[in-house]
Amino acid sequence: MSELTERLFEEILQARQRVYAVGQPTPLQKLNLRGIDVPVYVKREDLGPIKAYKWRGAYNCMTCLTPEQRGRGVVAASAGNHAQGVALAARVLNCNARIYMPRSTPEVKQNEVLRHGGEHVEIVLHGDSYDETAGAALEYAAQKGCVFIHPYDDMKTMAGQGTLADEVVMSGCGPFDRAYVQIGGGGLASAVACWLKRFWPDIKIIGVEGIDQASMKTSIEHGERLTLSYVDVFCDGTSVRKPGKDTFEICRELIDEFVTVTNNEVCHAIRAMWEANRVVPEPSGAMGLAGFLKQWDEGKVGKNEKSLVIISGANMDFTHLAQIARQAGIGNYETHYLRIPMASKKGQLLKYLRNMPETTTLIDMQYGKTAGDIQYPVFGVSVSDEDMDIIRQRLQAKDIGFEDISADDDVNFRIIHYQTELFDNPLFVKIEFPERSGALMAFMERIADIASMCYFNYAYSGERVGRALVGLEFDSPEMRQECMDRMTKMPRNVIRAVHDVSDSARKRIMGDETPIHFKGIND
């Protein structure tokens with residue numbers, strides 16, 4: 001090992017005597033991942049005192065300060081877990097901490113910092129990015145002679161993080177063949193790699209970064225620290241534009257391989273963790289598992305290899321769950337959004353649904369009638385690779401062109417275009433149907449001979465009941481009335497309920513159309 005890495009190892013040895021004043025060792029648990037028959041263990045840092053590993057480094061760094069340094073107070077910059085770690089250490093060590101946070105930091109995260117630090121913490125909201133926030137914090141620290149507690153590029157901070165690797169070694173579950181460690185600034189990866197390689201020299205350390213966050217991988221490939229011009233913040237705990245000076249050198253020495261993961265792959269990992277252990281990590285907390293799952297799918301994990309992943313944190317805004325669930329899809333399958341051209345006539349939507357394999361899960365449908373003989377509905381499907389090939393083959397056999405538009409902004413933001421002046425004798429209703437394969441198609445089959453779809457808005461919500469806003473058009477008012485009558489008589493295993501659209505909603509959709517009310521099966 002290099003002199004720098006040797007120094008870090010010695011610092012971790014010392015940190016083992018300090019950090020347990022504020023927290024206890026976290027569990028190492030075996031994961032029972034569906035479809036994976038090799039041993040995978042997860043280090044549960046989400047069960048630590050701040051629901052993330054950052055308490056270790058913050059406390060170790062601050063407890064090493066002199067009484068005089070702590071007496072002047074410390075300064076930190078963070079939008080999340082490091083801020084909570086500094087706040088907890090400030091309360092325990094009876095010193096003051098001035099913590100700079102971006103102005104966009106959610107109130108729930110600010111409240112957690114105050115909860116851990118109490119009267120020992122002052123929060124200063126500054127800037128719109130971490131770089132701006134950290135700049136202001138460093139400037140204040142220099143002016144006041146305060147110590148800046150770095151979130152990753154500090155030997156004492158890294159040493160504290162390394163104590164979790166010591167717990168892995170002491171658990172008796174090793175040795176491990178592979179360890180997947182998420183990388184932001186590189187402090188966690190440096191410390192874990194330093195410690196594990198000392199005790200298990202043959203272990204392979206895989207650094208995991210977001211595909212638009214790979215500052216460490218990019219820097220190591222170029223032989224110098226580089227600053228990314230753009231960094232994605234979906235995994236906000238690892239969104240670092242430039243790796244640390246010391247962490248760059250240690251990772252360059254000890255990281256055996258890098259793997260980059262997409263946000264969708266991270267969402268799949270979060271879902272996998274929920275299904276295996278009923279645990280919901282924050283996005284950056286699941287990156288290690290995302291890296292393992294990606295390499296498992298690629299056949300890079302040996303049948304007899306034992307792997308280690310780390311849940312580095314579980315501090316996430318509740319509202320983030322909706323986006324994660326949507327991107328994660330259903331089961332272990334990828335979600336594809338397909339735009340399929342269809343003729344503007346009755347029964348066409350049903351025709352294409354019949355081309356889907358029975359194992360296909362329809363999780364989204366977006367369609368609005370616009371001018372022209374050809375319409376372009378969007379189907380969101382959660383399918384295996386094999387079933388996706390079947391869909392392609394069936395559509396190609398019928399000479400039907402289609403596009404995979406999964407990355408298109410209008411689809412992701414659910415922008416549904418439609419032209420109301422093209423609707424004939426329209427009827428808008430909200431329907432509820434059993435959320436199972438074939439139920440929606442059974443509804444459409446019962447009205448295909450008299451109604452055409454002019455609008456359809458449905459997204460899977462995870463409930464037992466599916467809900468859709470449906471626009472139907474008819475050749476005559478009499479057919480519209482017949483369709484209304486049919487819907488009221490449909491069995492509940494096809495349609496659980498049909499609701500009128502509110503008058504205000506109808507006016508926004510259609511203008512000043514006269515309300516059409518009927519007595520639905522839900523009444």
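The values are calculated or read from the model by the stated rules, or taken from the named source; none is laboratory data. On a predicted model such as this, the values are computed, not experimentally measured, just so you know. Note that each Cβ is placed from the backbone with ideal geometry, even for glycine, and that neighbours are counted across all protein chains shown. For accessibility, only protein heavy atoms count, side chains too; no ligands or nucleic acids. Shrake-Rupley method; radii C 1.70, N 1.55, O 1.52, S 1.80 Å.
For segment 154-169, indicate whether the set of residues that are open to solvent by 40 Å² or more (accessible area, probe 1.4 Å), touching a Lys or Arg at 6+ places or on another chain (Cβ under 9 Å) and at pLDDT 95 or above is non-empty.
Step one: list which residues in segment 154-169 are open to solvent by 40 Å² or more (accessible area, probe 1.4 Å), which gives 154, 156.
Subset that is touching a Lys or Arg at 6+ places or on another chain (Cβ under 9 Å): none.
No: zero hits.
Quick one: which strands (runs of 3 or more DSSP E) lie wholly within segment 423-523 and hold at least 3 residues that are under 19 Å from residue 350 (Cβ atoms), at pLDDT 85 or above and under 41 Å from the mean Cα position of the chain (by Cα)? Lay out the reasoning, then the answer.
Details: elements: 427-434, 452-459, 465-473, 497-500.
Those strands (runs of 3 or more DSSP E) span 427-434, 452-459, 465-473.
Could you run through segment 103-148 and say how many residues are under 29 Å from the mean Cα position of the chain (by Cα), open to solvent by 30 Å² or more (accessible area, probe 1.4 Å) and among the hydroxyl-bearing types (Ser, Thr, Tyr)?
Residues meeting the conditions: 3.
Restricting the first residue to segment 297-308 and requiring it to be within 18 Å of residue 205 (Cβ to Cβ), which pairs with a second residue that is of a type in the set (A, V, I, L, M) and part of a strand (DSSP E or B) meet a Cβ separation below 6 Å and a spacing of at least six or different chains?
From segment 297-308, the pairs are 307/40; 308/179.
Which is more than 22 Å from residue 443 (Cα to Cα), open to solvent by less than 10 Å² (accessible area, probe 1.4 Å) and touching a residue at least 40 places away in the same chain (Cβ under 8 Å), of 405, 340?
Matching residue, one of 405, 340: 405.
All but one of (1) open to solvent by 70 Å² or more (accessible area, probe 1.4 Å); (2) in a loop (DSSP other than H, G, I, E, B) hold for residue 326; state the number of the condition that does not hold.
It fails just one condition, (2).
What is the one condition in (1) modelled with pLDDT of 95 or more; (2) open to solvent by less than 10 Å² (accessible area, probe 1.4 Å); (3) not charged (D, E, K, R) that residue 296 does not satisfy?
All conditions are met except number (2).
Out of segment 64-87, which residues are of a type outside the set (A, V, I, L, M, F, W, C) and in a helix (DSSP H, G or I)?
Passing the criteria: 67, 68, 69, 70, 71, 81, 82, 84, 85.
Give just the number: which of (1) outside any strand (DSSP E or B); (2) open to solvent by less than 70 Å² (accessible area, probe 1.4 Å) does residue 335 not satisfy?
The one condition residue 335 does not meet is (1).
Identify, please: which residue in segment 224-240 is touching a residue at least 24 places away in the same chain (Cβ under 8 Å) and surrounded by 17 or more Cβ atoms within 10 Å (Cβ to Cβ) and is, among those, farthest from the chain's Cα centre (by Cα)?
240
One line per residue, one yes/no per condition, for (1) without any contact (Cβ under 8 Å) to a residue 60 or more places away in the chain; (2) open to solvent by 50 Å² or more (accessible area, probe 1.4 Å); (3) among the β-branched types (Val, Ile, Thr):
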{"residue": "414", "(1), (2), (3)": "yes, yes, no"}
{"residue": "419", "(1), (2), (3)": "yes, yes, no"}
{"residue": "426", "(1), (2), (3)": "no, no, no"}
{"residue": "433", "(1), (2), (3)": "no, no, no"}
{"residue": "437", "(1), (2), (3)": "no, yes, no"}
{"residue": "443", "(1), (2), (3)": "yes, no, no"}
{"residue": "448", "(1), (2), (3)": "no, no, no"}
{"residue": "451", "(1), (2), (3)": "no, no, no"}
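Checking the condition farther than 26 Å from residue 197 by Cα and out of contact with any Phe, Trp or Tyr (no Cβ under 8 Å at 6 or more places or on another chain), which residue from 8, 47, 65 passes?
Just one listed residue meets the conditions, 65.
Could you run through segment 230-287 and say how many residues are in contact with a helix residue (DSSP H, G or I) (Cβ under 8 Å, 6 or more places away or on another chain) and part of a helix (DSSP H, G or I)?
27
Read through the list (1) open to solvent by 10 Å² or more (accessible area, probe 1.4 Å); (2) within 18 Å of residue 80 (Cα to Cα); (3) in contact with a Gly (Cβ under 8 Å, 6 or more places away or on another chain), then give the number of the only condition that residue 217 fails.
(2)
Out of (1) outside any helix (DSSP H, G or I); (2) closer than 30 Å to residue 132 by Cβ, what's the single condition that is false for residue 113?
The single condition residue 113 does not satisfy is (1).
Which residues, counting only those in segment 358-377, are surrounded by 16 or more Cβ atoms within 10 Å (Cβ to Cβ) and either part of a loop (DSSP other than H, G, I, E, B) or aromatic (Phe, Trp, Tyr) (or both)?
Listed by number, the residues that qualify are 360, 367, 369, 376, 377.
Looking at 6, 68, 11, which is the one that is modelled with pLDDT of 95 or more and open to solvent by less than 40 Å² (accessible area, probe 1.4 Å)?
Just one listed residue meets the conditions, 11.
From the list 335, 262, exactly one residue is under 30 Å from residue 448 (Cβ atoms) and out of contact with any Phe, Trp or Tyr (no Cβ under 7 Å at 6 or more places or on another chain). Which is it?
Only one candidate passes the filter, namely 335.
For segment 27-44, does any single residue satisfy the condition of being assigned to a helix (DSSP H, G or I), open to solvent by 10 Å² or more (accessible area, probe 1.4 Å) and in contact (Cβ under 8 Å) with a residue 40 or more places away in the chain?
no
Is it true that residue 80 is within 30 Å of residue 178 (Cβ to Cβ) and in contact with a strand residue (DSSP E or B) (Cβ under 9 Å, 6 or more places away or on another chain)?
Yes.
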